[in-house]
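J.: Following this message is one structure expressed as structure tokens.
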Amino acid sequence: MKKKTVVVWVGAVLCALMLAGCGTGKNGDPVEETETVNEENNLSAADDTAGNAETEADTGQSEPSAAESDKEENVGAGQETQAAPGGAIRIGSLKGPTSMGLVYLMEQAEWGETVNSYEFTMTAAADELLPAMLSGELDIALIPANMASVLYNKAEGDVSVIDINTLGVLYAVSGDETIEGMKDLKGKTVYMTGKGTTPDYVMQYLLKENGLTAADLTLEYKSEATEVAAMLTEIPEAVGVLPQPFVTAACAQNEKLAVVLDLTKQWAAVQGEGGSSLVTGVTVVRNGFLTEEPEAVDAFLEEHAASAAYANEHVEETAQLVAEAGIIDKAAVAAKALPECNITYIDGEEMKTALSGYLEVLWEQDPAAVGGGLPGDGFYYVK
């Protein structure tokens with residue numbers, strides 16, 4: 001296997017995001033993907049709790065992997081790689097579920113089997129990607145949904161969202177099998193991270209829509225997802241709101257635990273048919289780049305859609321790529337977590353409906369969560 005060309009920026013942890021763990025940003029900015037950063041910053045710990053009996057994937061094999069063997073089937077034999085005018089497209093993503101749906105495209109690009117040329121950067125926090133987008137160092141970025149709105153406001157409308165790449169990755173975990181819906185949380189103690197951040201807003205919204213208030217249950221906030229998992233080990237009858245892959249790790253460590261509520265499904269039940277979705281990660285592009293290279297952006301969207309589909313259809317092969325990229329240390333853990341990460345590809349009007357409604361819910365609870373104001377129609381790239 002050739003050495004990965006992905007550039008990894010290792011920076012100080014500035015915030016704990018949703019998409020990928022849960023927590024608050026140190027700079028006070030609202031953070032959508034709380035799952036992601038705690039997942040990234042504590043990923044090794046999460047892997048360890050998932051059970052050390054699993055054998056770590058061998059990344060030094062000389063024979064082609066199953067993912068490599070499927071390339072021609074998914075890309076097309078003999079397809080020539082064409083560098084986008086002006087050079088490679090510079091793509092930034094978070095080291096978590098947002099990148100898990102991108103790893104097959106990374107592998108294709110490494111082997112010269114993509115239409116565009118790409119330069120990938122994975123980073124631990126969305127706060128590292130936003131300045132790079134504002135300065136023009138990146139052309140495209142996969143970031144938390146609410147941070148895309150924050151970026152839009154900071155950039156005075158100079159970015160557009162082009163797809164949704166990840167739906168909700170939050171789950172309620174407990175040893176209490178009687179919990180079947182949000183109303184069953186009444187009288188319970190619920191542990192979670194990120195007071196005043198997106199996971200908190202999501203939880204408060206779902207409670208309200210199900211006729212509950214903060215007085216009906218006890219919400220206990222912890223600084224990290226690993227602390228929530230630890231509390232469930234001590235008190236399995238309690239409820240913990242966790243992101244993937246911490247859900248997989250916690251359940252593997254304690255056989256008494258299981259997923260009792262999928263918050264993405266709970267959101268959908270509240271919204272009803274045609275409503276918004278619980279969105280974790282989106283993909284944004286600088287409008288200057290979109291104007292200059294519309295065909296290159298459209299080609300990326302097609303390749304991104306294929307990569308996301310591959311992640312869902314070829315879980316074992318994708319898990320291997322995830323481990324090789326260093327997103328999750330063990331392929332076995334990645335394979336268990338992948339089906340629950342809600343990796344997707346949604347564009348066009350469906351994207352606009354799903355995302356705009358989600359951002360509106362956040363805005364109604366705290367305008368700062370979306371950067372002070374809701375994006376206009378120009379924010380959504382709809383062909």
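J.: So which GluC sites (Glu not before Pro) in region 92-151 pass both tests, a DSSP loop state and at most 15 other Cβ atoms within 10 Å of the Cβ?
T.: Details: sites: 107, 110, 113, 119, 128, 137; in loops: 113, 137.
Those satisfying the criteria are 137.
J.: Which order results if 304, 314 are arranged by neighbouring Cβ count within 10 Å, fewest first?
T.: Numbers: 304 23, 314 18.
Final ranking by Cβ density, sparse to dense: 314, 304.
J.: Which distance in nm do the two modelled labels at residue 309 and residue 368 give, with both placed 7 Å along the Cα-to-Cβ direction?
T.: 4.3
J.: Could you check the simple spin-label distance between residue 287 and residue 135, using points 7 Å along Cα→Cβ, in nm with one decimal?
T.: So the two model labels end up 2.3 nm from each other.
J.: If you don't mind, there's one more thing I want to ask. Would you mind computing, in nm to one decimal, how far apart the modelled labels at residue 265 and residue 111 are, each placed 7 Å from Cα along Cα→Cβ?
T.: 3.6
J.: Further, regarding this structure: For a quick check: sort 193, 291 by the number of other beta carbons within 10 angstrom, fewest at the front.
T.: Values: 193 29, 291 10.
Least crowded to most crowded, the residues run 291, 193.
J.: Now a separate question. Highest first, please rank the peptides 183-190, 203-210 by the mean number of other Cβ atoms sitting within 10 Å of their residues.
T.: Values: 183-190: 15.9, 203-210: 17.9.
So the order, starting with the most tightly packed, is 203-210, 183-190.
J.: Still on this structure, I have one more. Starting with the fewest neighbours, write out 340, 234 ranked by other beta-carbon atoms found within 10 Å of each beta-carbon. Could you put the intermediate results ahead of the total?
T.: Values: 340 18, 234 7.
The most exposed by this proxy come first: 234, 340.
J.: What list of whole percents do you get for P(r) of region 170-271, with Cα-Cα distances grouped in 5 Å bins up to the one holding the largest distance?
T.: Calculated over all Cα pairs of region 170-271, the distribution is 2, 14, 27, 28, 20, 8, 1 percent.
J.: Going through the cross-link list 195/330; 183/265; 265/336, which pairs have a Cα-Cα distance over 25 Å in this structure?
T.: Values: 195/330 30 Å; 183/265 14 Å; 265/336 19 Å.
195/330, as the Cα separations exceed 25 Å there.
Every read-out reported here was derived from the displayed coordinates using simple, explicitly stated rules and does not represent laboratory data. Note that the structure is a prediction, hence the values are computed from the model and not measured. Virtual Cβ from ideal backbone geometry, glycine too; neighbours counted across all protein chains shown.
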